[in-house]
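Shown next, in structure tokens, is the structure this report addresses.
The values are calculated or read from the model by the stated rules, or taken from the named source; none is laboratory data. Since this is a predicted model, take the numbers as computed values, not measurements. Methodologically, a virtual Cβ is constructed for each residue, glycine included, from the backbone with ideal geometry; neighbour enumeration extends over all protein chains shown.
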Amino acid sequence: MSDNLVLEAKSVSKFFGTITALQNVDLHLNKGEVLGVVGDNGAGKSTLMKVLSGLYKPSEGSLFFDKEKVTLNSPRDSQNLGLEMVYQDLALAGNLPIGDNIFLGREPTRKVGPFNFLDHKKRKQLTEEHLAKLKINVKSADQKVEELSGGQRQAVAIARATAFNAKIVLMDEPTAALAVKEVGKVLDLILNLKKLGVSVIVISHRMDDIFTVCDRVMALFQGTNFAESELKNTSRDEVIGWIMGKKD
Amino acid sequence: MDHGEKRLMDKNQETLFVRLIPFFERYGILLLILIMIAVLHLLQPDVFLSWRNVTNIFKQVSWQSMLALGVFMVIVTAGIDLSVGSIIMLSLMGLAIASKAGMPWYVVMLVAPAIGFLCGMFNGIGITLLRMPHPFIMTLGTLYIFRGIGNLISGGVPITGFAEQIRVIGNGKIKLDVFFGEGAREYIPTSLILMIVIFFIFWIFLNHTRIGKWIYAIGGNPGAARAAGINVDRILIVVYTLCGFLAGIGGLILAGRTNSAYPNAGLQSELDAIAAVIIGGASFFGGRGTVLGVFAGVMIMGILRNGLNLMNVSVFWQQVLIGSIIILAVYIDVLRRQLATRT
């Protein structure tokens, strides 16, 4: 394995009561690499992502960030290590404006005496700068998220994940709910992140997504490692076979 | 007028109407208060806007507004607190017993908010750590428990007579001799000042601090809050504790106002608080509502009761009217949403 390893999971298992969601799963990710994770519904992809981001604690196994073993107690811990997650259900609060969502949990503040107050001006300015950098078009940074289209919401979710110079971004079905035109924008965004040296893990059902942006693809089947390959050494048909549990 | 012209005019009228929606959304409720004041002034020109009656309204709503403000924060998190009426009674009884025990006034003064604080924390811990399926159940339980404890410690009988320093909070008068001349009868109730200060502090808290922002986020999407690394359980405990604390302050104000602690204190006032919050435009499903709206909701309830009393309308009719206003207020909100989302 290369020296560029930024993230590694070794023999990770996750049990929910009597259900085994993950069984001895290994995963590694290099700097600036885009890894595709495929698998059927219930194969354990989303559970694995939630373990990597610290939302779930693994029942067994260990995680390594930059080759150092870590224990994640909450998503805050993984954020501090430079890992950001874009959730399938988007994890946005519809009642709050775009800027509040991007900075939720990490709001810019200013000190007034002994108290910390929200810095509304700074948040607005940072939001507008960041949206412009990602070429995301919205009417205003103060628009409520519930007023946005599905594609705009996905853009806000990605903007949220990348607002703090993340080293690793996890994306769970980033194009699932999007119109064709918006899919291309999201994929371009992923390739941009790669150019900037960000490592990305993409979960997707869509072979077009996998074969457009990924360097490597790994398949989970019934909660276990099933197959893995550099993208150039495999084909769509083979990957689709893996998803259905077939190997030559 | 030909056909096209007419259609154009319809469209203009509609856009003007649609453009007015945000204005009504923000200030409609204040408009409603002004209308109520105008109508009551016309019906009772000598009495309603008299200094005495207006201060009376403020004194009446001051303790109720504390409950409404606390319940409002809870409702913003998509929760509910049914126990505030019992918390106010228990903190009032605790205060009375401390007073009867001969404790100095500054200790007695702290007893009510402290009891409220602990009761609220008990609710919060129960809801989060015991994983109750809904705050309704936990606070329904404590609604009985807190009032029961209040009756146990007092023997179920009223306790009267508090120190002047305690009474001043709920019943104190700030004389306005400076403006109206020596011996003038005009004054500002101390409880009104206290109410304004507390509402202002909580307005700052909810709109200009991170925890305030997180309270709204939890109401909008608790999953999003959790994913953002926010400790949702801890924030919920803070919210229920503050709600109890405010009910305790309400108990302190009520102690001053009535100079007595009595078994029926605050009975059903949790429902008045919820009504005021809903009339004030907060969403029962969480994430929506403003401190100013709560203030307006409290004032509407207070003005309505006062006006109906002045006009000798029976309490029974008052109940019917307040119930109708709750339904009407929410229905107007439903209509507004339909208008706002149509394209």
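A single entry from B:GLY183, B:GLY150, B:GLY170, B:GLY229 fulfils the requirement of being at pLDDT 95 or above and in contact with a helix residue (DSSP H, G or I) (Cβ under 8 Å, 6 or more places away or on another chain): B:GLY150.
Scanning the range B:277-297 for residues that are within 13 Å of chain A (Cβ to nearest Cβ), more than 12 Å from B:ILE29 (Cβ to Cβ) and surrounded by fewer than 21 Cβ atoms within 10 Å (Cβ to Cβ) yields B:SER283, B:PHE285, B:ARG288. In the range A:3-13, the condition of being at pLDDT below 90 and away from chain B (no Cβ under 14 Å) is met by at least one residue.
For first residues located in the range A:21-33 and under 17 Å from A:ASP215 (Cβ atoms) and in contact (Cβ under 8 Å) with a residue 60 or more places away in the chain, partners that are not in a strand (DSSP E or B) and not hydroxyl-bearing (Ser, Thr, Tyr) and lie 6+ apart or on another chain with Cβ distances below 6 Å form the pairs A:ASN30/A:ASN4; A:LYS31/A:ASN4; A:GLY32/A:LYS194; A:GLY32/A:GLY197; A:GLU33/A:ASP215. In the set (1) among the β-branched types (Val, Ile, Thr); (2) surrounded by fewer than 19 Cβ atoms within 10 Å (Cβ to Cβ); (3) in contact (Cβ under 8 Å) with a residue 60 or more places away in the chain, the condition left unmet by A:ILE190 is number (2). Against the list (1) surrounded by 19 or more Cβ atoms within 10 Å (Cβ to Cβ); (2) in contact with a Cys (Cβ under 9 Å, 6 or more places away or on another chain); (3) over 26 Å from A:ASN165 (Cα atoms), the condition A:VAL202 fails is (3).
In the set (1) under 20 Å from A:GLY82 (Cα atoms); (2) at pLDDT 90 or above, the condition left unmet by A:ASN116 is number (1). Counting only strands (runs of 3 or more DSSP E) that sit completely within the range A:35-126, those holding 1 or more residues that are within 11 Å of another protein chain (Cβ to nearest Cβ), among the aliphatic types (A, V, I, L, M) and surrounded by fewer than 23 Cβ atoms within 10 Å (Cβ to Cβ) correspond to A:109-112, A:115-118. Return yes or no: is B:GLY248 at the interface with another protein chain (Cβ under 8 Å from one of its Cβ atoms) and either within 19 Å of the chain's Cα centre (by Cα) or at positive phi (or both)? Taking the combined requirement at face value, the residue does not satisfy it.
The number of residues in the range B:178-218 being away from chain A (no Cβ under 14 Å) and either closer than 14 Å to A:ASP100 by Cα or among the basic types (Lys, Arg) (or both) comes to 1. For the range B:219-238, a tally of residues being more than 8 Å from chain A (Cβ to nearest Cβ) and either closer than 13 Å to B:GLY287 by Cβ or not hydrophobic (A, V, I, L, M, F, W, C) (or both) returns 3.
Table: residues versus (1) in contact (Cβ under 8 Å) with a residue 60 or more places away in the chain; (2) of a type in the set (Phe, Trp, Tyr); (3) out of contact with any Pro (no Cβ under 7 Å at 6 or more places or on another chain); (4) closer than 28 Å to B:PHE23 by Cβ.
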residue: B:SER269; (1), (2), (3), (4): yes, no, yes, no
residue: B:ILE303; (1), (2), (3), (4): yes, no, yes, yes
residue: B:VAL313; (1), (2), (3), (4): no, no, yes, no
residue: B:PHE316; (1), (2), (3), (4): no, yes, yes, no
residue: B:ALA329; (1), (2), (3), (4): no, no, yes, yes
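Of the numbered criteria (1) under 26 Å from B:VAL71 (Cα atoms); (2) in a helix (DSSP H, G or I); (3) not charged (D, E, K, R), the one B:ILE230 fails is (2).
Residues of the range A:1-38 that are in contact with a His (Cβ under 8 Å, 6 or more places away or on another chain), over 19 Å from A:TYR56 (Cβ atoms) and not β-branched (Val, Ile, Thr): A:MET1, A:LEU5.
Give the residues of the range A:216-237 that are surrounded by fewer than 17 Cβ atoms within 10 Å (Cβ to Cβ) and either among the aliphatic types (A, V, I, L, M) or more than 23 Å from A:GLN23 (Cβ to Cβ) (or both), sorted by residue number. Hits for the range A:216-237 are A:GLU230, A:LYS232, A:ASN233, A:SER235, A:ARG236, A:ASP237. The residues listed here are B:ALA265, B:ALA273; of these, the one that is away from chain A (no Cβ under 14 Å), in a loop (DSSP other than H, G, I, E, B) and crowded, with 24+ Cβ neighbours inside 10 Å is B:ALA265.
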